[in-house]
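Below you'll find the structure, written out as structure tokens, and then a few comments.
Please treat every number below as a calculation from the coordinates, not as lab data. Predicted, not measured: the structure shown is a model, and the values here were computed from it. Every residue, glycine among them, receives a Cβ derived from its backbone with ideal geometry; neighbour counts consider all protein chains shown.
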Amino acid sequence: MNDQYLRKNFSRWILIRMFISIWKNTKLRVFLIITSVALYAFLFSETSVRRRLNMEEEKEALQRTLEKEQILQQLLKDSIARFKNNDPLLIEKKAREQFNMSKKGETIYKIVRK
């Protein structure tokens, strides 16, 4: 037990001595301070690498969403154009789907999902 205590305190003593010797060296101290500030700014500021990567991921997600919305917009424009041209097949399809209309002699079955 005494041996473990000495090892633990010896390693602390070495670290303290190393820190004191580094701190006494003015050039090294200035270098460490400048490096610490630069590293902090690089990692945690508004323009940090982490924030930039998050913004790029968000941009890619928005690009994918934009592409899907543009496809949907084109489909809706095509549908509007077909309605304006009085496409009989489209009008019949919409009447059947939305208003449950049928032709003479047809039977409509509704499937109710639970």
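Observations, loosely collected:
- Of the residues examined, Ile22 is not one that is closer than 30 Å to Lys104 by Cα, of a type in the set (Val, Ile, Thr) and over 30 Å from the mean Cα position of the chain (by Cα).
- Take the conditions (1) on the phi < 0 side of the Ramachandran plot; (2) exposed (fewer than 10 other Cβ atoms within 10 Å of the Cβ); Asp87 misses just one of them, which is (2).
- Test: residue in segment 80-89 that is among the charged types (D, E, K, R) and assigned to a helix (DSSP H, G or I): yes
- Filter pass, Phe42 being within 25 Å of the chain's Cα centre (by Cα), among the aromatic types (Phe, Trp, Tyr) and surrounded by 11 or more Cβ atoms within 10 Å (Cβ to Cβ): yes
- Contacts under 9 angstrom Cβ, first residue in segment 91-114 being surrounded by fewer than 11 Cβ atoms within 10 Å (Cβ to Cβ), partner small (Gly, Ala, Ser), 6 or more apart: Ile108/Ser102
- The listed residues are Lys93, Lys27, Lys77, and the only one of them that is in a helix (DSSP H, G or I) and under 30 Å from Ile111 (Cβ atoms) turns out to be Lys93.
- Positions within segment 21-39 being loosely packed, with under 10 Cβ neighbours inside 10 Å and of a type in the set (A, V, I, L, M), in sequence order: none
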